[in-house]
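*Asks:* My structure is below; once you've seen it, I'll send some questions.
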Amino acid sequence: MKPSPFDYHAPADLDEALDVLARVGPDGGKVLAGGQSLIPLLNMRLAAPAHLVDINRLTGPDIGLATVEAGPGGVRVGALARHAAVERSAPAAAVQPLLGQALRLVAHPVIRNRGTVVGSLVHADPSAELPAVLALLGGSVRLAHRGGEREVAAAEFFTGPMESAAAPGELAVSAFFPALPPRSGTAFCEVARRHGDYAMAGVAAAVTLDEDFRIVAARVACVSVGPIPVVVDVADACGGRPAASADWAAAAAAVRDRIEPEADIHATADYRRHLTGVLAVRALRSAAVEAAGEEGT
Ligand SMILES: Cc1cc2nc3c(=O)[nH]c(=O)nc-3n(C[C@H](O)[C@H](O)[C@H](O)COP(=O)(O)OP(=O)(O)OC[C@H]3O[C@@H](n4cnc5c(N)ncnc54)[C@H](O)[C@@H]3O)c2cc1C
């Protein structure tokens, strides 16, 4: 199938993009970033916007949409930073390794060369890795509209399957992924039918240890088991103990209790629940090993 007709806009700067979006927003304007999710939706006529606002020309350094900025507090990713650019950014990996750990699991290199991190967040697929990363870390998305901008916390950003807080007329200009305290580790584990497919289930984990290598914080974010990423704090289940003797099975049980997976052609709900528990143990254990580093092993 071919897309239904639309008007194509290619603004040259941010003001022009926001003007066009303000004008067409209520009539079904859609932002085109990497196009790796939107173009298939258009071709299958699962989306039929009257206007497409292509932001790919907004790459100038003065606009700052294609940047990946890593600082002590975290990593800010601009709306035109491709998955591949973030995956390969050494400064971003040093500040927030979970980004690279998750991005290696997103689709295939060809798609990562084109798709954007911010586009993935706005697309808000409950099976996607990056929304889980943002939710786990308590990050945020900056949304601009004509005349202003607002920063929306991850907890309010994902509102349903394929639904985010980005309103018609708004452009997501960047996302912020906070750093974790010292002696923290992260991991992302998932199972997909084929490498690069969306995961049947996946778990991102973050663990923080104190100076005696006892767990002081532990949480996971699960994908493909709810309408939005499901964040579960498992510090009570496994906290206070040395990482080496943590009760990961109790943490997995807490995770299984919190999720509400659905069945589809790929897996039953029971299988997804079981798989998520297994992946939670793997991810938490490996995050704890990373947190301990060479000193704690
Ligand atoms: C074969 C295949 C496999 C894939 N596998 C995975 C996978 O395993 N995991 C995964 O996470 N993803 C996967 N993807 C999706 C891929 O990661 C996309 O790149 C990503 O979901 C969207 O990024 P994009 O830049 O291509 O956005 P687009 O396709 O351009 O846009 C997606 C949606 O977000 C909106 N949007 C985009 N940018 C903005 C913005 N700045 N402001 C406001 N709205 C915006 C668009 O209007 C549209 O509604 C796969 C895609 C394909 C084709």
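The values are calculated or read from the model by the stated rules, or taken from the named source; none is laboratory data. Keep in mind that this is a model prediction, so the values were computed, not measured. Cβ coordinates were reconstructed from backbone atoms using ideal geometry, including for glycine residues, and neighbour counts include every protein chain displayed. Just so you know, the surface numbers come from the protein's heavy atoms only, side chains and all, with ligands and any DNA or RNA stripped out. Shrake-Rupley method; radii C 1.70, N 1.55, O 1.52, S 1.80 Å.
*Asks:* Give the Rg (one decimal place) followed by the Dmax (whole number) of region 21-172, computed from C-alpha coordinates and expressed in Å.
*Replies:* 14.8, 44
*Asks:* Gap in Å between the Cα centre of region 191-222 and the Cα centre of region 238-252?
*Replies:* 14 Å
*Asks:* Still on this structure, please answer the following. Could you report the accessible area of R256 in Å², rounded to 10, computed with a 1.4 Å probe on the protein chains as they sit in the structure?
*Replies:* 80 Å²
*Asks:* Testing the spin-label approximation: label points 7 Å from Cα along Cα→Cβ at Y8 and I265. State their distance in nm.
*Replies:* 3.1 nm
*Asks:* Also, quick follow-up: Please report, in cubic angstrom per residue, the volume enclosed by the convex hull of the alpha-carbon atoms of region 202-264. All intermediate terms of the calculation are to be shown ahead of the outcome.
*Replies:* Details: hull volume 4.6 nm³, N = 63.
Enclosed volume per residue, from the Cα hull, is 74 Å³.
*Asks:* To continue, here is another question. Give, in nm to one decimal, the length gained when the segment between V110 and E16 is fully stretched (0.36 nm per residue of separation minus the Cα-Cα distance). Don't skip to the end; give the middle numbers.
*Replies:* Details: separation 94, 0.36 × 94 = 33.84 nm, distance 2.98 nm.
Length gained, V110 through E16: 30.9 nm.
*Asks:* So if each residue of separation counts as 0.36 nm, and I subtract the Cα-Cα distance between D54 and A244, what length gain in nm does that give? Write down the numbers at each step before the final one.
*Replies:* On the way: separation 190, 0.36 × 190 = 68.40 nm, distance 5.04 nm.
Taking D54 through A244 to full extension adds about 63.4 nm, to one decimal.
*Asks:* Counting only protein heavy atoms and using a 1.4 Å probe, what share of the accessible area of the chain belongs to carbon plus sulfur, as a whole percent? Before the final figure, lay out each step's value.
*Replies:* Values: 7070 of 13470 Å².
Carbon with sulfur: 52 percent of the solvent-accessible area.
*Asks:* What's the percent breakdown of Cα-Cα distances in the chain across 10 Å bins, shortest bin first?
*Replies:* Distribution as computed: 7, 28, 34, 21, 9, 2, 0 percent.
*Asks:* Net charge around A235, counting only other residues with Cβ within less than 13 Å of its Cβ (Lys, Arg = +1; Asp, Glu = -1)? Spell out each step's value before the answer.
*Replies:* Numbers: positive: R214, R219, R241; negative: D210, D233, D236, D247.
The answer is -1.
*Asks:* Please tell me the relative contact order of the chain in percent, rounded to the nearest whole number, where contacts are Cα pairs under 8 Å and at least six residues apart. Mind showing how you got there, number by number?
*Replies:* Details: 702 pairs, mean separation 44.7, N = 297.
Averaging sequence separation for qualifying contacts and normalising by length gives 15 percent for the chain.
*Asks:* Any idea what angle helix 269-292 forms with the longest principal axis of the chain, computed on alpha-carbon atoms, 0 to 90 degrees, nearest 10?
*Replies:* 70 degrees
*Asks:* While we're looking at this one, here's another question. Could you pull the accessible area for L58 with a 1.4 Å probe, rounded to 10 Å²?
*Replies:* 0 Å²
*Asks:* Given 5 Å bins starting at zero, what is the percent of C-alpha pairs of region 1-93 in each, up to the one with the largest pair distance?
*Replies:* Result, from short to long distances: 3, 13, 20, 19, 17, 14, 9, 5, 1, 0 percent.
*Asks:* Which value at 222 nm does the chain reach when only helices count, each DSSP H run of 4 or more adding -39,500 (n - 2.57), with the total divided by all residues and rounded to the nearest 500 deg cm²/dmol? Could you put the intermediate results ahead of the total?
*Replies:* Details: 12 runs with 100 residues, N = 297.
The helix contribution divided over the chain gives -9000 deg cm²/dmol.
*Asks:* Looking at the chain as a GNM with Cα springs under 10 Å, which of V133, V232, V117 has the largest mean-square fluctuation?
*Replies:* Maximum among the listed residues: V232.
*Asks:* Would you work out the Kirkwood radius for region 181-292? I mean one over the mean of 1/r across all pairs of different Cα atoms, in Å. Intermediate results must be reported in sequence, preceding the final value.
*Replies:* Working: mean 1/r = 0.0724 Å⁻¹.
Mean inverse Cα-Cα distance, inverted, gives 13.8 Å.
*Asks:* Right, another one. Of I265, I39, I215, which has the most accessible area with a 1.4 Å probe, and how do the rest follow in descending order?
*Replies:* Values: I265 155, I39 65, I215 5 Å².
From most exposed to least exposed: I265, I39, I215.
*Asks:* When the solvent-accessible surface of protein heavy atoms is calculated with a 1.4 angstrom probe, in what order do V216, V110 fall, highest first?
*Replies:* Numbers: V216 85, V110 115 Å².
Ranking V216, V110 by accessible area, largest first, yields V110, V216.
*Asks:* With every protein chain kept in the model, how would you rank V278, V24 by accessible area, 1.4 Å probe, largest at the top? Write down the numbers at each step before the final one.
*Replies:* On the way: V278 50, V24 5 Å².
The residues order as V278, V24, largest area first.
*Asks:* Using a 1.4 Å probe, what is the accessible area per residue for the chain, in Å²? Let's see the in-between values first.
*Replies:* Details: 13470 Å² over 297 residues.
Value returned for the chain: 45 Å² of accessible area per residue.
*Asks:* How big is the Kirkwood radius of region 25-67, worked out from every pair of different alpha carbons and given in Å to one decimal?
*Replies:* Values: mean 1/r = 0.0869 Å⁻¹.
Value: 11.5 Å, from the Cα pair sum.
*Asks:* Rounding to the nearest 10 and keeping the result within 0 to 90°, find how far the Cα-based axis of helix 14-24 lies from the longest principal axis of the chain.
*Replies:* 70 degrees
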